[in-house]
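Written out below as structure tokens is the structure these notes cover.
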């Protein structure tokens, strides 16, 4: 069984979900995000932010998570007609 | 959702986009005029790179509507108090929310503050309007569309988009002027560049003057507000001496009946006997009731017993209803109550030898007079017209909301004129702005 993310990472998980790096947890099963999914999401966030891609919430990553920012997600949901939102470059 | 709004997909199809600041933050450090001005300049950044133009509207519906809201405001993006999420805006393709721009009113919104102090409203506004026009977040550290707040981006009057952002927005709307769109033979015109060209701006609007580096042609207290005239334009200060807009308005568009061909005005004052407003330019003068010219004007200035060549400056005392005209080294005193020039006029001006003459403009407050010359002004004692200590000072800095090294620092720490001191008790009915036509 995949290892669910430990509860004390929920702040980062909520942040990653808020900004589109992690799909929302399954509301039906309440299934927590697997740690692999979170690691991959952290890498995606680090890549977008231009910080080293360590896959873990290191200091540089946590500092960004605490930085004031725009509420809109960085990764936009797929558009209704199935086409991915235009990715910038 | 809103009449006439045609936003589709990732970009607006219309070129001339209206905007309005719908709500302001409660306890804000920034005044409303400042917030409106910063909104104007943040939109201007995008219009400089594209064929888009933006105009402010007073009505309820605007294409881009700016609101300062807090916590959960029912749009799916609740704010979270100071820090964290500071603002958001919705894309043109959003059927319900296109054009909505929300700033967290719990943030400490600042303007020209130190980097680590508060949240710079202009920088965030440029970012959010990028979303309103269809741009998503950018990973580029140089881009204004980077999701993280990175501090102020400098003077709103000087700020220009980085190349990445310019390229991205032009991909949606094409370049600023059809003439500058250089398409190489191999380059297929972008779909967006085939959009209908924007209506060209009327060619007869000369570039308007920069308030921070101009001298003044005339200045007047009208119904408690201060009007600074330069060329064909004017700036307006509220009763509280706040600039109503960083951008001047076209005089002929507001003062109905003033010829558009008029290059400049020499003097303007409010006549306290009937609250008419008089404009002087060369050999002619006009009388306005509110902002509409009265029948039978212009007339020659010789009506007052003035020389045919016109005047340099004028001001009128509300106390004794005397109006003083200045030309070169001479001054005239005109009795408004009886409509007659004082016998002893003209006399050598009392200004001579104390400040450079001829002056450009004069202004009377309740107990003081101001003389303007070049980019400086003096405060004069009411009767002797002697300059007070600590003058000259910078017009741009004290009256027209310019700061920074370009403008001579005040020679003495006297406070700039405040609304209260300049507030005559003789205000007539407020000037209602029926329509405001801006040059661009």
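Annotation for segment B:248-320 versus segment B:5-61: alpha-carbon center distance of 34 Å. A crude spin-label estimate for the pair residue B:97 and residue B:163, with each label 7 Å from Cα along the Cβ direction, gives 3.5 nm. With the largest listed first and rounded to whole Å, the semi-axes of the equivalent ellipsoid of segment B:53-123 from the Cα gyration tensor are 23, 17, 10. A crude spin-label estimate for the pair residue B:388 and residue B:27, with each label 7 Å from Cα along the Cβ direction, gives 3.3 nm. Quotient of the Cα radius of gyration of segment B:1-98 and 2.2 N^0.38 Å, N being its number of residues: 1.13. Each eigenvalue of the Cα gyration tensor of segment B:319-401, multiplied by 5 and square-rooted, gives one semi-axis; in descending order these are 24, 14, 11 Å.
Between residue B:16 and residue B:115, full extension at 0.36 nm per residue minus the direct alpha carbon distance yields a gain of 32.3 nm.
Coordinate-derived values only; no laboratory data. Just so you know, these numbers come straight off a predicted model, no measurement behind them. Positions of Cβ are backbone-derived with ideal geometry, glycine not excepted, and every protein chain shown enters the neighbour counts.
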